[in-house]
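Trainee: After the structure tokens below, expect a handful of questions from me.
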Amino acid sequence: MDDEKNLTDEDLEEYEPQIVELDGEQFEVIDAVCYDGQNYVALVPYTEDDNLEDDEVEFIILKEIEENGEFMLSTVDDENLYNEVGEVFIEHLSTVFGDEHDDGCGCEDCGH
């Protein structure tokens, strides 16, 4: 049984962003996954502007590490691993938020 569902408007209204600060800039955690036993998070620059188009923002991926008993975020240095984890995030986010280009819409973006 598949427990994943598309988010409703009500879910989005109740949403409280998880914000992290990195190098003096704020980022929003948009998703977290475990891949090959390692936890990863997807981050986007934080903004209060809800009117951004999906293709305007790219996410970055960081891995969760434990150092001296504290959890920290670290870069993913292996480009192939970064791309693999990125595909997992894309697939997961498409499932959770619904794939807006999977409806036979005829737009050039999805090739329908």
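Trainee: Restricting to region 26-37, name every residue that is under 15 Å from E87 (Cα atoms), in contact with a Leu (Cβ under 9 Å, 6 or more places away or on another chain) and part of a strand (DSSP E or B).
Mentor: The answer is I30, D31, Y35.
Trainee: Looking only at region 17-33, count how many residues are surrounded by 13 or more Cβ atoms within 10 Å (Cβ to Cβ) and charged (D, E, K, R).
Mentor: Looking only at that region, the number is 2.
Trainee: Given the criterion over 15 Å from the mean Cα position of the chain (by Cα), exposed (fewer than 13 other Cβ atoms within 10 Å of the Cβ), among the charged types (D, E, K, R) and at pLDDT below 90, identify the matching residue among D36, D11.
Mentor: Just a single option satisfies the conditions, and that option is D11.
Trainee: Moving on to the next point. Would you please name the residue that is modelled with the lowest pLDDT, looking only at residues in region 65-108 that are exposed (fewer than 13 other Cβ atoms within 10 Å of the Cβ) and under 11 Å from the mean Cα position of the chain (by Cα)?
Mentor: E91
The values are calculated or read from the model by the stated rules, or taken from the named source; none is laboratory data. Predicted model, so just to flag it, every value in this text is computed and none were measured. Don't worry about glycine lacking a Cβ; one is built from the backbone with ideal geometry, like all the others, and counts go over all protein chains shown.
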